[in-house]
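Novice: After the C-alpha cells below, expect a handful of questions from me.
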Amino acid sequence: MNEYKYKSIMLIDDSDIDNMVNKHILSKNMVAENIIVFTSANDALTYFSENKTTTDEMLIPKIILLDINMPIMNGFGFLVEFEKITADNLKNTKVIMLTSSVDPNDIRRSKDYSSVISFISKPLSLEHLDEI
Amino acid sequence: MQQQKFKVLIVEDKKADYDLLYNELKAKGYNAQVIELRNEFDLKYLSLAENTNDVISVHNLSGDILYASPAIFELSGYTPEEVLGRKLRDFFHIDDVAQMRSQLESIFENKNKLRFEYRFLNKNGTYTWIETSGRLLFDEKTNEPKEIIAVSRDATDRMLNDQRIKTSEEQYRLIAENATDMITRHDLEGVYNYVSNSSYTMLGYNPAEMLGKSAFDFLHPDDAIAIKNGLLDFVDKGLGIYTAAYRYQKKNGEYIWIESTNKLTYVDNTNVIQGIISISRDISDRKAFEIKLEDKIKELDTFIYRSSHDLKGPLSSLQGLLNIAKTEIVDESAIQYFNLIEKSVHNLDTILMDLLNITKITQGSINLVDIHINDVILKIISSFENLPEYANIHWELNLDNDIQLRLDKSLVNNIFQNLIINAIRYQDSSKPKSTIKISTFKKNNELMVQVEDNGQGIPETLQRNVFDMFFRGNTKSSGTGLGLYIVRNAVEKSGGRVILESEENRGTIFTVYLPLNNNSETPIPQLV
C-alpha cells in the first residue's frame, strides 16, 4: 500500500459540499491520513489553542487549505489570528488558499502572509494535488 | 446766358443805391443775390460761408430762403439760386413737418438757438438726412427777431450709425438683461465689471453687490484653485474658449454648480487682452443627475462583480462534485447525463469568467509590465491544445522577434485569447484546410498584430455590431456574446485600436494596434 503524503491536513471552509469533495479527493489520492474539517475559522483557532502543546502529527496539520469567503471571520481574518500564534507545534504549518475567488486582489493580498505558500482556485482537482 | 454763371454780390448800405444797382444788373441779365450786410454778418463771414463745406443759409421768419451758400449743391443737387426765395418747408419730408414747426416755435421761446434733424428733399426727388443748427438774428434798432441763420450738413451717415448703435445696444441689453444665463465681464484678475440682471435669480445677488469683487471669492474652496489655474492658462495661451464647471456660493450661503463659457475680449482692433466675458448657467440639476448616474453605474458594476463572484462559489462546488462523480460512476447513461451537466457547468463558468473579466477591464487599475508579445501568443495557442476543434487547425505564425512592449498583461491576454479562440471556434469545416495566420510586426511606433483565419467569416450586416455587449452573430455559437466586447474594451484601455475585416465564407482578419512606447499610466482611449 502507498504511504500518505501527510499525516494530517486541515480544511477550513463554510461549504459542506466543498469539504466533502475535498476530503474525498485528498484521502482517495493518499494526500493525508487524517483530514480535520472546520466550517468556521473561529472554531479552527479554538482548536489550535486547545492543542498548543501536543506533538501528535495526526492532530497538528502540516497544511491548512483555507477558503476566503466565509461568514463572521473570513480567510484573511483567520490568517491574521493564525500568524499571532506562537506555539511551537505550528512552526512548520503552511497555508494554501483554496477559494472560488478569482479576484486578483485576493491573490495579491494572500501573498502578504508569510504562512501562505500557494493559491488554488476551486474546485480542487487532481492537478492541484502536486502543489500540496 | 453766359452772364448767368456769375454771381454778383452787392455790398451797399444805402437802400436807394442798392436798388439802383440791383435793377441795373438784373436788366443786364445778371442773377443777383440780395444780402444786406451788417455788423454781425460782414464780408469776412460771408467769404467764409461761401467756402465752407457746411451749408450756411439765411431765412426770414416765415421760412423763405434769403441766402444759401454754394455747398447746398453738394448736399441737395440744387444751386443756391434755385432755392433762393423758396419756402424751407417745401423741402421737408411730410413726416418731419410737425416736428419742424414746433422746433421753429420753440426758437422764439428760447430766444436763440435751435438744433434739429430732418429729411431734405433733393433735386432728384430723394431725401437726405440733414442736421441743422440755427440761431436768430435780431434787428439792431428794434431788437426784434428778424432773420434766422442756419448751418446745415449731411447727417445720413451719422443718423444711420446712431440708429445702428441704438438698435444693437438695445438688442444686447435685451439679451443680457433677459437671458436666464448670467452674462458677466471681468478684468484679468477675475473682478466683475459687468453683471447682468440674471445674477439675482441665479445667485440671489443684485449685480451691484458683485461688481468690483473677484469671481474667485465666490467659488467653492475645493474648486477655486483649479479654476484659477485653468483661467490663467487660458489667458496665457490667449486662444479660444474656456469652459469650466465649479461650485459657486449663493447669497444664502448655499453652493450651486455653475458652468461658464469664458472668452477673452480685446482692446479694439488690437491683440491686447482687455478682459474676459463669461456666460454662466446653473447646472446643479444636471450635476446632481450626473452624480446619481455615476453612483448607479458604480452600483451596477459592483452588482455584476459581486454576483459573478457569489455565483462562482456554488459553481465550483458543482465542478468539484462532478470531478468525484466521474471517477466513481460506471453506469453508461448516468455518465452521459453527468457529461451534459458538466458541459452546462462549463458554459456557466465561461459566462461568469467573462463577466468578471469585464468588470476587471473596465474598473480595474492598469498594471504596466514588460511584455513579449510572441510569448503571450504562443502561450495562448498552447492553452487551447485540448479543445477538440484545435486538432483541425493549421497554424501559420509570422512573429517578429524583438517586439517588447509595456502594457497591462491581463488586458493583452484578454485581447488575444478572445481573438484566437474565435478563430479556432468559427473555423469552416467545409474547407479542406482551416488555417489561422498570426503575424506581429512594428509599424510607426505601434505594434500591429493580425489574427487571420479562413473560417466562416462575419456577414457585412453584422460587422458593426460584433463588438457590442452580448452580441452573438452566430446561432451555432456557444459563446457568451462577450468576447469581442472584452476585446474592444481591453484594446481601448491599452490605448490601442482594433480593426475588423471579414467576408462571409471567406474568413476574418482582426488587426490590433497597440502602443509600443507606453510612458503614460493612463492610456488615451480611442474609438474603434
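The values are calculated or read from the model by the stated rules, or taken from the named source; none is laboratory data. Keep in mind it's a predicted model, so treat the numbers as computed, not measured. Backbone-built Cβ (ideal geometry, glycine too); neighbour counts: all protein chains shown.
Novice: Looking only at the range B:157-179, which residues are within 30 Å of B:Glu109 (Cβ to Cβ) and touching a strand residue (DSSP E or B) at 6+ places or on another chain (Cβ under 6 Å)? Step through it out loud before you land on a result.
Specialist: Initially, the range B:157-179 is screened for residues within 30 Å of B:Glu109 (Cβ to Cβ), giving B:158-159, B:162-163, B:166.
Selection gives B:Met159 alone.
Novice: Okay, moving on. In this structure, is B:Asn454 assigned by TED's automatic domain parsing to the domain that holds B:Thr511, under 25 Å from B:Lys360 (Cα atoms), buried (at least 17 other Cβ atoms within 10 Å of the Cβ) and in contact with a Ser or Thr (Cβ under 8 Å, 6 or more places away or on another chain)?
Specialist: So B:Asn454 does not fit the description; no.
Novice: Inside the range B:80-121, can you point out the residues that are at pLDDT below 85, among the hydroxyl-bearing types (Ser, Thr, Tyr) and over 20 Å from B:Leu137 (Cβ atoms)?
Specialist: Result: B:Ser102, single match.
Novice: Among the numbered criteria (1) more than 14 Å from chain B (Cβ to nearest Cβ); (2) more than 19 Å from A:Glu83 (Cα to Cα); (3) more than 14 Å from the chain's Cα centre (by Cα), which single criterion is violated by A:Val31?
Specialist: (3)
Novice: Mind checking which helices (runs of 4 or more DSSP H) fall wholly inside the range B:57-169 and carry at least 1 residues that are more than 59 Å from the chain's Cα centre (by Cα)?
Specialist: Hits in the range B:57-169: B:80-83.
Novice: Which residues, taken from the range A:51-105, are among the polar types (S, T, N, Q) and within 13 Å of another protein chain (Cβ to nearest Cβ)?
Specialist: Of everything in the range A:51-105, those that are among the polar types (S, T, N, Q) and within 13 Å of another protein chain (Cβ to nearest Cβ) turn out to be A:Asn69, A:Asn74, A:Thr99, A:Ser100, A:Ser101, A:Asn105.
Novice: With the requirement that a residue be modelled with pLDDT of 90 or more and surrounded by 18 or more Cβ atoms within 10 Å (Cβ to Cβ), what does the range A:61-72 give you?
Specialist: Hits for the range A:61-72 are A:Pro61, A:Ile63, A:Ile64, A:Leu65, A:Leu66, A:Asp67, A:Ile68.
Novice: One residue is enough: does the range B:435-444 have a residue meeting the conditions out of contact with any Cys (no Cβ under 6 Å at 6 or more places or on another chain), within 25 Å of B:His346 (Cβ to Cβ) and without any contact (Cβ under 8 Å) to a residue 60 or more places away in the chain?
Specialist: Within the range B:435-444, one or more residues are out of contact with any Cys (no Cβ under 6 Å at 6 or more places or on another chain), within 25 Å of B:His346 (Cβ to Cβ) and without any contact (Cβ under 8 Å) to a residue 60 or more places away in the chain.
Novice: Report whether or not B:Leu407 is more than 16 Å from B:Lys437 (Cα to Cα), in the same structural domain as B:Leu514 (by TED's automatic domain parsing), of a type in the set (A, V, I, L, M) and surrounded by 15 or more Cβ atoms within 10 Å (Cβ to Cβ).
Specialist: When the stated conditions are applied, B:Leu407 passes them.
Novice: Here's something else I'd like to know. Determine whether B:Leu232 is closer than 21 Å to B:Asn178 by Cα, of a type in the set (A, V, I, L, M, F, W, C) and more than 19 Å from the chain's Cα centre (by Cα).
Specialist: Spelling it out, it is not the case that B:Leu232 is closer than 21 Å to B:Asn178 by Cα, of a type in the set (A, V, I, L, M, F, W, C) and more than 19 Å from the chain's Cα centre (by Cα).
Novice: Being among the aromatic types (Phe, Trp, Tyr) and free of Cβ contacts under 8 Å to residues at least 24 places away in the same chain is the filter; apply it to the range B:107-143 and report the residue that is surrounded by the fewest Cβ atoms within 10 Å (Cβ to Cβ).
Specialist: The selected residue is B:Phe138.
Novice: Continuing with the same structure: Report, by residue number, each residue of the range A:106-125 that is more than 19 Å from B:Ser307 (Cα to Cα), surrounded by fewer than 19 Cβ atoms within 10 Å (Cβ to Cβ) and either small (Gly, Ala, Ser) or facing chain B (nearest Cβ under 8 Å) (or both).
Specialist: The answer is A:Ser114, A:Ser115, A:Ser118, A:Ser125.
Novice: If you take the residues of the range B:382-413 that are polar (S, T, N, Q), over 16 Å from B:Leu447 (Cβ atoms) and not in a loop (DSSP other than H, G, I, E, B), which of them is farthest from the other protein chains (Cβ to nearest Cβ)?
Specialist: Of the range B:382-413, the ones polar (S, T, N, Q) are B:382-383, B:386, B:392, B:398, B:401, B:404, B:410, B:413.
The next check asks that each one be over 16 Å from B:Leu447 (Cβ atoms); those that pass are B:382-383, B:386, B:392, B:410.
Now narrow it down to the ones that are not in a loop (DSSP other than H, G, I, E, B): B:382-383, B:392, B:410.
Working: B:Ser382: 16, B:Ser383: 14, B:Asn392: 26, B:Ser410: 8 Å.
Applying the filter and picking the extreme gives B:Asn392.
Novice: Which residues, taken from the range B:129-160, are among the β-branched types (Val, Ile, Thr) and closer than 16 Å to B:Ser69 by Cβ?
Specialist: B:Ile130, B:Thr132, B:Ile148, B:Ile149, B:Val151
Novice: Go through the range B:85-106 and give me each residue that's surrounded by fewer than 17 Cβ atoms within 10 Å (Cβ to Cβ) and either among the hydrophobic types (A, V, I, L, M, F, W, C) or more than 24 Å from B:Ser69 (Cα to Cα) (or both).
Specialist: B:Ile94, B:Asp95, B:Val97, B:Ala98, B:Gln99, B:Ser102, B:Glu105, B:Ser106, listed by residue number.
Novice: Further question on the same structure: Just to be sure, is A:Asp14 surrounded by 19 or more Cβ atoms within 10 Å (Cβ to Cβ), under 14 Å from the mean Cα position of the chain (by Cα) and within 12 Å of chain B (Cβ to nearest Cβ)?
Specialist: Against the criterion (surrounded by 19 or more Cβ atoms within 10 Å (Cβ to Cβ), under 14 Å from the mean Cα position of the chain (by Cα) and within 12 Å of chain B (Cβ to nearest Cβ)), A:Asp14 does not qualify.
Novice: Hey, another quick one. Quick one: which of A:Asp56, A:Asp43, A:Asp88 is under 17 Å from A:Ser115 (Cβ atoms), surrounded by fewer than 16 Cβ atoms within 10 Å (Cβ to Cβ) and of a type in the set (D, E, K, R)?
Specialist: A:Asp88
Novice: Of all residues in the range B:301-326 being facing chain A (nearest Cβ under 7 Å) and of a type in the set (Gly, Ala, Ser), which is surrounded by the fewest Cβ atoms within 10 Å (Cβ to Cβ)?
Specialist: B:Gly313
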